[in-house]
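Some notes on the structure that comes next.
The values are calculated or read from the model by the stated rules, or taken from the named source; none is laboratory data. It should be emphasised that the depicted structure is a prediction, and the values quoted were computed from it without experimental measurement. Reconstructed Cβ throughout: ideal geometry from the backbone, glycine too, with neighbour counts over all protein chains shown. Side chains are part of the model used for accessible areas, which takes the heavy atoms of the whole protein and leaves out ligands, DNA and RNA. Shrake-Rupley method; radii C 1.70, N 1.55, O 1.52, S 1.80 Å.
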Amino acid sequence: MKSIQGIPITSVVIFFTLTFFAQATAQKIIIPKTGIIVFEKLGKVTNQKLYDSTLSILNSKMKIMFRKEITDGFTNQEIDYNSNYVEDIIDMSMQTLDFGISGDNLKKYHVFNDSTITSYRKLNDKIQGDYQLINRNTQTYSMRSKIDSTIIPIMDNSYEYLDEDRIIISEYKDQNKIINGLDCFKVVLTKIDKISSDEGISLLYDELENPQTTYVLYVTESLKCKYHPVINYKSILEKYYPLEIVEYSNLIQGIESIYSLKEFSLK
């Protein structure tokens, strides 16, 4: 066989064939129709001293807020109250709050079946709450009871994304990693929280000039889907799909929540 400038034609053919298949593989886009994707949440203390300090401050403020709401309620009803009883209620209320690392295992699921996505969550391997059925064709959702699947408390409501009025998105395409065989790069989403006019809620933020929540995402452009078990910002999901999420807030500092991919079988 003839050669091109000393290179055999067969070698040229093999080179371009391999290049073609490499590019085709790299450009393959997954638009999921079936399968499952699962994220697991893990709480991590990144700075113990800072975490203990801000958690103590937050607990104190929450107690003040609860105490005011309870005593105002008694006053409005002109009922005498026992201060010890009020403190007991406050203590019980505080026990229901989880600002730190609980040790619980939380997983969030999306199960794909053609145009329908079944969304649910498990806490310590037990389903928590009801099932959400997302219809991708109509962009609506319904709810089904986990106790009795024939009970549909919500039917065909418009699917809603989170408000994006005060978000900042920054891309870092030079910071990469491979997750489940997919090329990913870093995106940081910062949400500037709105301070409520409510006196009690404002108390929690009075020392913060810019209360905000930050999400450090590793996203892929090889998976196209506008619905995600953890992230619900449309501007993110229209461009790429997060496969790893780290979330932290300046309300409670020194701690972060990590959502890692635990199961992936989307096709």
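Some notes on this structure:
- Checking each residue in segment 250-265 for being crowded, with 19+ Cβ neighbours inside 10 Å and either closer than 17 Å to residue 38 by Cβ or without any contact (Cβ under 8 Å) to a residue 40 or more places away in the chain (or both) picks out only 259.
- Single residue of segment 198-220 satisfying the filter (modelled with pLDDT of 55 or more and loosely packed, with under 15 Cβ neighbours inside 10 Å) that is nearest to residue 117 (Cα to Cα): 210
- Hits in segment 116-175 (condition: farther than 28 Å from residue 240 by Cβ and in contact (Cβ under 8 Å) with a residue 40 or more places away in the chain): none
- When residue 112 is tested against the conditions (1) of a type in the set (Phe, Trp, Tyr); (2) closer than 30 Å to residue 244 by Cα; (3) modelled with pLDDT under 55, the lone failure is (3).
- Summed over segment 29-52, residues that are hydrophobic (A, V, I, L, M, F, W, C), under 19 Å from residue 125 (Cα atoms) and open to solvent by less than 70 Å² (accessible area, probe 1.4 Å) total 4.
- Among residues of segment 238-249 being closer than 13 Å to residue 37 by Cβ and in contact (Cβ under 8 Å) with a residue 24 or more places away in the chain, the one that is surrounded by the most Cβ atoms within 10 Å (Cβ to Cβ) is 242.
- Test result for residue 186, surrounded by fewer than 16 Cβ atoms within 10 Å (Cβ to Cβ) and modelled with pLDDT of 95 or more: no
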